[in-house]
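Below: the structure, in structure tokens.
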Amino acid sequence: MLDEHKKDPGAPADDGLEAALEEIGGNNRWMWLVFVLASAPGIFNIWALTSYVFLAAELEYWCDTPELEATNWTHAQIRNITAGDPDSKSCNVANFSSSFLQGLAALPFEQAEEEARLFKDDFGSRRCSHFSFVEQGTSIIEEWTLVCNRLVMLSNVQMVVALGKFAGALLFGFVADKWGRKCSFVISCIMYIVAGPIAGIFPIYWVFVVARFVLGMAGSGCYNCAFTLLTEVSNASRRTLLGILYNMSYPLGLLILPVIAYYVPQWRWLQLATSIPAVLLIINCWLIPESPRWLLSQGRRDDAWAIVKKANKELAKTRQTHLTPLGTDNAGPDTSDLSWVGKLQASMEKFTSLLLNCDLCMRLMICQYMWCVTALSYYALSLNADNFTADRYIYTAASGAVEAISYVIPIPILRYIGRRQTSAAMYLLSGAALLSILAIPKESGMAILAVAMVGRLCISAVYSVIILYTTELFPTVNRNTAVGISSTMSHVGSIAAPYIVVQLGAVGRNIPSTICGLICLSAGLLVLLLPETKGRALCDTVEEMEENALKGDKVAIRNCCSMN
């Protein structure tokens with residue numbers, strides 16, 4: 001029971017709601033329905049993140065030279081004439097005059113190549129401003145000429161998704177705690193339905209970028225809020241299994257995406273093919289329930305009982321005892337008449353309560369570091385792995401298979417040991433694998449790949465554990481805020497990953513994997529400081545958390561030696 005109800009003399013001591021919530025949390029049919037409704041948007045989330053591989057497919061290009069286009073020369077031969085290297089993608093080309101190029105076009109290729117080589121130094125070089133591409137309409141690179149001095153605009157296309165997820169994690173965390181999990185979920189689904197097709201229809205680069213940003217925000221809103229809702233409606237025995245399987249929509253999406261991309265090679269049609277099906281999320285918005293525990297935290301007991309009745313009418317009849325006096329059905333504080341300033345203040349109180357409580361603050365800082373390390377390592381390893389295969393279809397499908405395995409691994413482990421030990425073991429194993437790359441000779445490419453995949457497998461596996469762990473470490477009143485803030489830090493890691501791979505990787509090939517290995521080891525040691533949550537009831541208020549802390553359930557060094 002919430003403390004608000006205890007303080008209200010008109011509220012019931014116990015009307016059977018807590019027991020009813022635990023019982024419907026084990027209802028097979030109802031729980032699996034909620035699970036499908038909550039996890040399905042993950043497919044669109046991973047499509048928004050991974051479709052970049054196909055939307056921005058690398059294309060062969062050369063400087064547009066109209067005088068040589070009329071010949072029967074291949075694009076490699078034309079590039080050899082203008083740039084001097086058929087395999088290069090130089091942004092600088094020989095500054096041949098139009099008349100000289102016309103003269104070359106009248107010669108056999110071998111003779112023209114020799115003439116170009118002899119006079120190239122005399123003409124000097126210039127920056128190419130117009131390019132020709134091998135394939136038409138298959139990549140945004142060709143659509144907006146995102147090469148050479150416009151290459152940064154190509155990076156922006158993927159960066160804005162991470163920025164959108166960053167902003168969405170923070171925004172929707174507060175929205176979900178203030179106006180409900182379902183409210184955030186519905187808003188996010190609408191953003192998916194609208195922004196996806198816009199990205200594929202409008203032929204304007206900045207519209208495409210903004211739409212990708214909105215898709216990133218929608219991804220955070222759907223993922224975090226729906227997961228919190230699922231955690232709060234399931235009972236302790238179901239929470240672990242559903243929490244792990246919740247992520248299975250990601251590998252499913254990764255396995256489907258290359259099939260769609262193979263049959264829909266045009267990037268605009270691919271964007272539409274992966275966006276228009278989001279209209280089906282209207283069904284999810286209609287059917288998914290609000291979190292009864294959130295309703296309970298807001299004092300809306302009758303609304304919480306309505307959820308119980310929808311899940312199991314007979315249970316509601318047998319469990320509910322009508323002890324609530326007339327006119328006191330909402331025992332919690334009434335905030336409906338608050339101004340927007342008051343509502344903002346109420347929302348900020350949820351955040352400040354995390355910082356003012358010493359134990360909750362330490363939990364939050366460790367969780368933020370865990371999420372940041374996981375995202376940084378995962379994306380850094382993904383960027384490094386791209387160099388191991390040239391077939392983006394096979395690589396994406398293989399990534400889906402690895403992801404699926406990584407999400408299944410924690411299920412049997414969590415049955416026997418807790419969240420804390422599982423997370424620590426995964427981090428430490430990943431760190432050890434990545435650091436061992438330093439001892440493997442550069443020539444042993446397959447060995448490096450195998451070890452790197454072990455590191456990635458563990459990082460993917462630990463992600464499904466830490467989100468479950470984070471939701472259990474905080475009370476209902478600010479649980480989604482804590483998840484949202486932690487998720488925000490994960491996007492800091494995903495934004496930093498490309499710079500670590502590209503910039504530091506140019507200095508030394510082992511620097512990115514070494515950095516990831518070291519931070520994984522540090523995260524594994526920090527996790528050991530947290531209390532275990534396996535098999536324990538979720539707390540609804542900060543006061544309940546403080547009571548548990550007095551019993552030893554808090555962040556402490558002694559937890560490192562505990563097996564519980």
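Look through region 118-144, keep the residues that are among the hydrophobic types (A, V, I, L, M, F, W, C), in a helix (DSSP H, G or I) and surrounded by fewer than 19 Cβ atoms within 10 Å (Cβ to Cβ), and return whichever of them is modelled with the highest pLDDT.
Filtering first and then ranking leaves Trp144.
Inside region 486-523, can you point out the residues that are crowded, with 23+ Cβ neighbours inside 10 Å and more than 15 Å from Tyr378 (Cα to Cα)?
Ser486
Failed condition for Ala105, given (1) within 30 Å of Val264 (Cα to Cα); (2) at pLDDT below 75, with all others met?
(1)
Is it the case, given these coordinates, that Glu110 is assigned by TED's automatic domain parsing to the domain that holds Gln77 and either among the aromatic types (Phe, Trp, Tyr) or assigned to a helix (DSSP H, G or I) (or both)? Can you show your working first?
Values: assigned by TED's automatic domain parsing to the domain that holds Gln77: yes; either among the aromatic types (Phe, Trp, Tyr) or assigned to a helix (DSSP H, G or I) (or both): yes.
When the stated conditions are applied, Glu110 passes them.
What's the number of the only condition in (1) of a type in the set (Gly, Ala, Ser); (2) in contact with a strand residue (DSSP E or B) (Cβ under 9 Å, 6 or more places away or on another chain); (3) under 30 Å from Val264 (Cβ atoms) that Gly137 fails to meet?
(2)
I'm checking my understanding of the structure. Among residues of region 259-284 that are among the hydroxyl-bearing types (Ser, Thr, Tyr) and closer than 20 Å to Ala398 by Cα, which one is surrounded by the most Cβ atoms within 10 Å (Cβ to Cβ)?
Thr274
Based on what the data block shows, is Leu550 exposed (fewer than 15 other Cβ atoms within 10 Å of the Cβ) and touching a Leu at 6+ places or on another chain (Cβ under 9 Å)?
no
Listed residues Arg456, Arg420; which is buried (at least 19 other Cβ atoms within 10 Å of the Cβ) and under 22 Å from Leu529 (Cβ atoms)?
Arg420
Can you tell me how many residues in region 175-219 are closer than 21 Å to Ile141 by Cβ and either touching a Leu at 6+ places or on another chain (Cβ under 8 Å) or free of Cβ contacts under 8 Å to residues at least 60 places away in the same chain (or both)?
Qualifying residue count, region 175-219: 14.
With the requirement that a residue be crowded, with 20+ Cβ neighbours inside 10 Å, under 30 Å from Gln298 (Cβ atoms) and at pLDDT 80 or above, what does region 145-177 give you?
Once the filter is applied, which keeps residues that are crowded, with 20+ Cβ neighbours inside 10 Å, under 30 Å from Gln298 (Cβ atoms) and at pLDDT 80 or above, region 145-177 yields Gly164, Lys165, Phe166, Gly168, Phe172, Val175, Ala176.
Thr533: crowded, with 19+ Cβ neighbours inside 10 Å, part of a loop (DSSP other than H, G, I, E, B) and either in contact with a strand residue (DSSP E or B) (Cβ under 8 Å, 6 or more places away or on another chain) or modelled with pLDDT under 85 (or both), yes or no?
It is true that Thr533 is crowded, with 19+ Cβ neighbours inside 10 Å, part of a loop (DSSP other than H, G, I, E, B) and either in contact with a strand residue (DSSP E or B) (Cβ under 8 Å, 6 or more places away or on another chain) or modelled with pLDDT under 85 (or both).
If you go through region 281-311, how many residues are in a loop (DSSP other than H, G, I, E, B) and farther than 22 Å from Ile190 by Cβ?
The total comes to 2.
Taking helices (runs of 4 or more DSSP H) that do not extend beyond region 196-266, which have at least 1 residues that are at positive phi?
Of the helices (runs of 4 or more DSSP H) lying wholly inside region 196-266, none has at least 1 residues that are at positive phi.
The values are calculated or read from the model by the stated rules, or taken from the named source; none is laboratory data. Not measured: the values here are computed from a predicted model. Ideal geometry is used to build each Cβ from the backbone, glycine not excepted, and the neighbour counts take in all protein chains shown.
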